[in-house]
Amino acid sequence: MSRPETIRSLRDRFAIGASLIPPVALLMIASRAGWVPGSPRAYLAAMPVVLGLGMLFPIFVEPWHRRFSRMRAWLGGRLVFLLFLGVYGVAVVPMAFLMRLVGQRPIDLSRSGSSWVRSKGFGSLRDPF
Amino acid sequence: MHYVLGISGLYHDSAAALLGDGRILAAVQEERLSRRKNDARFPERAIQSCLDQAGITAGDLAAVAFYEKPILKFSRTLEVFLGWAPRGGRAFARAIPDWLGGRLDLRGRIRSALPKLRVDCPILFTTHHEAHAASAFFPSPFAEAAILTVDGVGEWATTTIARGSGATIEPLEEIQFPHSLGLLYSAFTAYCGFRVNSGEYKLMGLAPYGDPHWVETLLEEVVSLHEDGSFRLNLEYLDPLAEDHLTNERFHDRFGGPPRRPDEPLEKRHLDLARSIQVVTERALLGLVRRAHEQTGSAHLCLAGGVALNCVANGRILREGPFQKLWIQPAAGDAGAALGAALAAWHGPLDRGGFGAPRIPRASDAMGGGFLGPEETPEAVEASLKRLDAVWERLAPEVLQERVVEALIAGKVVGWVQGRMEFGPRALGHRSILGDPRSPDMQSRMNLKVKFRESFRPFAPAVLAERSAEFFELTGESPYMLLVAPVAGAQRIPVAHEAEGLDRLKQVRSTLPAVTHVDGSVRVQTVDPDRNPQFYALLKHFEAKTGCPVLINTSFNVRGEPVVGSAEDAYRCFINSQIDVLAVGPCYLERERQLHAALPRSFEAIPD
Ligand SMILES: [Fe+2]
């Protein structure tokens, strides 16, 4: 009941190989700027090679794949967080203040009186709303 | 046969349940299989386990029911942010991408997880509290009943009262977010240093050590209880959208300091707060129960929702409430809502998209003792043990019981894994650690050496149903360990001088010290031969040898671990803790004969 997931479908293998391409692409860009040794062409040629290696020998490449995936997820998560924080400040907060100006507040914060609400029924089971 | 699959999850405690022509065939929590406590991920393993237990594939399903209406919940989430702004930005930036990343398109998610599902197989959605209400009423033994569901929050509702009759549930009234007893209790759970959505029962266990002198402050400033049973929270003290703590600076100033970190010692203040919030919760629940009685006029009450796992409050509802009979869904939290969603779809009327199936209540209940999970064959158990280089003896059932009882009498701690796995948070004698309750040091020993958890946590007694009244002041049965009752007068031992705080733990208060709380109460499990024959036979055997029909029964896991599922999980837990004996299926294992001193654990440890 506590088995690690060990399935290696063609899709998994492709994902492992493909995840190695972006770091090589970064190296290619860096080599063009002269920040790392080697020619951009060599890095370009390395791309299908790492893809193939990843697909043929996933077990050797997997630690790198995992590391890159974690890094990508971390970076992506931070970017999305900042983006939505911006949306909150630019859209949600002004809208909330506007609603309050016209006397609307979607949550009931009052402290007095009964809080019972007559039920409107459960609605159709077919609808997700 | 018509198979209906119910699913809950993506918030906490994911689970799946399967009905065959309305009969509950299987129900499993994802955490038991994934080995991640309170696993909230989509319950793929639990779904597969349910299908495997019935011997079917997703292509055989007549319907799939999800326990919430995702779009309604999403719109509530947005409205709450609008109501709470400018606070809540961080919570917004975390929650909304999660919603947009797949929580909204549940149909797509379910179909991609179940590629064999027929194109014409409907995917249905109950409301969160409809699923709780269905899980409370449909499996109950009552033809008609009042239904009360209380939790943190569903879509908008945090509390609902409904009337159940035959195959119909009629919702009557509700209390909506942010006024929530579950949220309030969770706020105190986090403030006292425990994890929200799993540490609530620790707070409940801590309550008897404290004094209730914050009750009046709480009632005047934080929560108001009204004559009609409703309540309101004062949001000037709480932050329902905070990610770590649900309390704010004003709360911390009022209640004596910042929230306790999990590694900090428990102070008297925390014990008193635990006691006070427990008292307030009990009063609030008694008010709700009285309201449910007024609204329905029924003599029966069905309970579900996370707050219904508060067994101390449940005991008071039974003793002091207006209802003659009480039935609580054993998986009262969100895991049980998977079962509720399936049952609501099965009995739901045709015009709502349900199957319109009638319902015939059973004399006991329809939960099969709560044993709805997978079971390994003796051969599979032996294969696992062999793979792990274990040393075992395969014994006939009577011999196995004999040996286990001998070990218990010798003061040993026994891991007991038999039959189908439990559904719900309590181990009921199929995935349990057992001990002799007559031993005064058993509670501390089991807590610190076996379960590696706080020494204040009490254990529960499993008692032969027919002898329960001799030991506990319990009217009726408690097969799912969801009721707390006082120790019977004849079993009590007076305490000369009452100690303070956690020192009260060391004082002997009854003939069953290892299961008696400091307030003289116990969380009882009554064991009967119909629901739980194997465990009943073991208790009978123990009674025959000792005269005592009671055993300590605690869940088979260590701190941060979900209850064990398989023989492999059990063996790893046995080796890594100080359990003396393991009885798994027909196999008997003794610690001193094992080759391993430690094994890699099979679970992701979740911090408190
Ligand atoms: Fe719930």
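Can you say whether residue B:485 is in contact with a Leu (Cβ under 6 Å, 6 or more places away or on another chain), under 28 Å from residue B:370 (Cβ atoms) and either at pLDDT 85 or above or in a strand (DSSP E or B) (or both), as far as the supplied structure shows? Don't jump to the end; show me each part of the working.
Working: in contact with a Leu (Cβ under 6 Å, 6 or more places away or on another chain): yes; under 28 Å from residue B:370 (Cβ atoms): yes; either at pLDDT 85 or above or in a strand (DSSP E or B) (or both): yes.
So residue B:485 fits the description; yes.
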Within the group B:309, B:288, B:303, which residue is within 14 Å of chain A (Cβ to nearest Cβ), within 30 Å of residue B:144 (Cβ to Cβ) and within 16 Å of the ligand (Cβ to nearest atom)? B:288
Which residue pairs have Cβ atoms closer than 8 Å, lie 6 or more positions apart in sequence or on different chains, and pair a first residue in the stretch B:314-335 that is of a type in the set (Phe, Trp, Tyr) with a second residue that is assigned to a strand (DSSP E or B) and within 16 Å of the ligand (Cβ to nearest atom)? B:327/B:302; B:327/B:303
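Answer yes if at least one residue in the stretch B:127-134 is touching a Leu at 6+ places or on another chain (Cβ under 7 Å), among the hydroxyl-bearing types (Ser, Thr, Tyr) and within 15 Å of the ligand (Cβ to nearest atom), and no otherwise. Show your work before the answer.
Residues of the stretch B:127-134 that are touching a Leu at 6+ places or on another chain (Cβ under 7 Å), as a first pass: B:134.
Subset that is among the hydroxyl-bearing types (Ser, Thr, Tyr): none.
No, there is no match, as no residue in the stretch B:127-134 is touching a Leu at 6+ places or on another chain (Cβ under 7 Å), among the hydroxyl-bearing types (Ser, Thr, Tyr) and within 15 Å of the ligand (Cβ to nearest atom).
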Could you check the stretch B:151-200 and list, in sequence order, the residues that are in contact with a strand residue (DSSP E or B) (Cβ under 7 Å, 6 or more places away or on another chain), more than 16 Å from the ligand (Cβ to nearest atom) and polar (S, T, N, Q)? B:165
So if I check each of A:55, A:95, which one is of a type outside the set (Val, Ile, Thr) and in contact (Cβ under 8 Å) with a residue 12 or more places away in the chain? A:55
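I'm trying to understand the selection: among the residues of the stretch B:285-305, which are small (Gly, Ala, Ser) and buried (at least 24 other Cβ atoms within 10 Å of the Cβ)? Break it down into steps so the answer makes sense when it comes.
Residues of the stretch B:285-305 that are small (Gly, Ala, Ser), as a first pass: B:287, B:292, B:297-299, B:304-305.
Result: B:292, B:304, B:305.
Which residue out of B:76, B:87 is outside any helix (DSSP H, G or I), more than 8 Å from every other protein chain (Cβ to nearest Cβ), farther than 30 Å from residue B:566 by Cα and modelled with pLDDT under 95? Quick ask: steps written out before the conclusion?
On the way: B:76 fails: outside any helix (DSSP H, G or I).
Just a single option satisfies the conditions, and that option is B:87.
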I'd like to know if the stretch B:349-359 contains one or more residues that are away from the ligand (no atom under 16 Å from the Cβ), more than 25 Å from residue B:49 (Cβ to Cβ) and more than 14 Å from chain A (Cβ to nearest Cβ). yes
Matching residues, the stretch B:313-348, being within 24 Å of residue B:373 (Cβ to Cβ), of a type in the set (S, T, N, Q) and away from the ligand (no atom under 15 Å from the Cβ): B:314
For residue B:148, only one of the following conditions fails: (1) more than 14 Å from the ligand (Cβ to nearest atom); (2) part of a strand (DSSP E or B); (3) within 14 Å of chain A (Cβ to nearest Cβ). What is its number? (1)
Restricting to the stretch B:570-602, count the residues that are part of a helix (DSSP H, G or I), in contact (Cβ under 8 Å) with a residue 60 or more places away in the chain and touching a Lys or Arg at 6+ places or on another chain (Cβ under 7 Å). 1
Filtering the stretch B:30-73 down to residues that are touching a helix residue (DSSP H, G or I) at 6+ places or on another chain (Cβ under 6 Å), over 27 Å from residue A:122 (Cβ atoms) and acidic (Asp, Glu), which residue is farthest from the other protein chains (Cβ to nearest Cβ)? B:39
Which helices (runs of 4 or more DSSP H) does the stretch B:349-447 wholly contain that include 2 or more residues that are crowded, with 17+ Cβ neighbours inside 10 Å and in contact with a Cys (Cβ under 9 Å, 6 or more places away or on another chain)? B:378-387
Does residue B:523 meet the test of being within 30 Å of residue B:366 (Cα to Cα) and among the charged types (D, E, K, R)? yes
Across the stretch B:108-119, the tally of residues that are within 13 Å of chain A (Cβ to nearest Cβ), surrounded by fewer than 16 Cβ atoms within 10 Å (Cβ to Cβ) and of a type in the set (Lys, Arg) stands at 0
Do you know which residues across the stretch B:151-164 are within 11 Å of chain A (Cβ to nearest Cβ) and among the acidic types (Asp, Glu)? B:155
Take the residues of the stretch B:120-138 that are surrounded by fewer than 24 Cβ atoms within 10 Å (Cβ to Cβ) and in a loop (DSSP other than H, G, I, E, B): which is nearest to the other protein chains (Cβ to nearest Cβ)? B:122
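Being without any contact (Cβ under 8 Å) to a residue 24 or more places away in the chain, more than 8 Å from every other protein chain (Cβ to nearest Cβ) and either under 30 Å from residue A:85 (Cα atoms) or within 16 Å of the ligand (Cβ to nearest atom) (or both) narrows it down to one residue among B:82, B:100; which is it? It would help to see each step written out before you state the result.
Working: B:82 fails: more than 8 Å from every other protein chain (Cβ to nearest Cβ).
None of the others qualify; the one that does is B:100.
The values are calculated or read from the model by the stated rules, or taken from the named source; none is laboratory data. Predicted model only: the values in this text are computed from it and were never measured. Note that we place each Cβ from the backbone using ideal geometry, even for glycine, and neighbour counts take in every protein chain shown.
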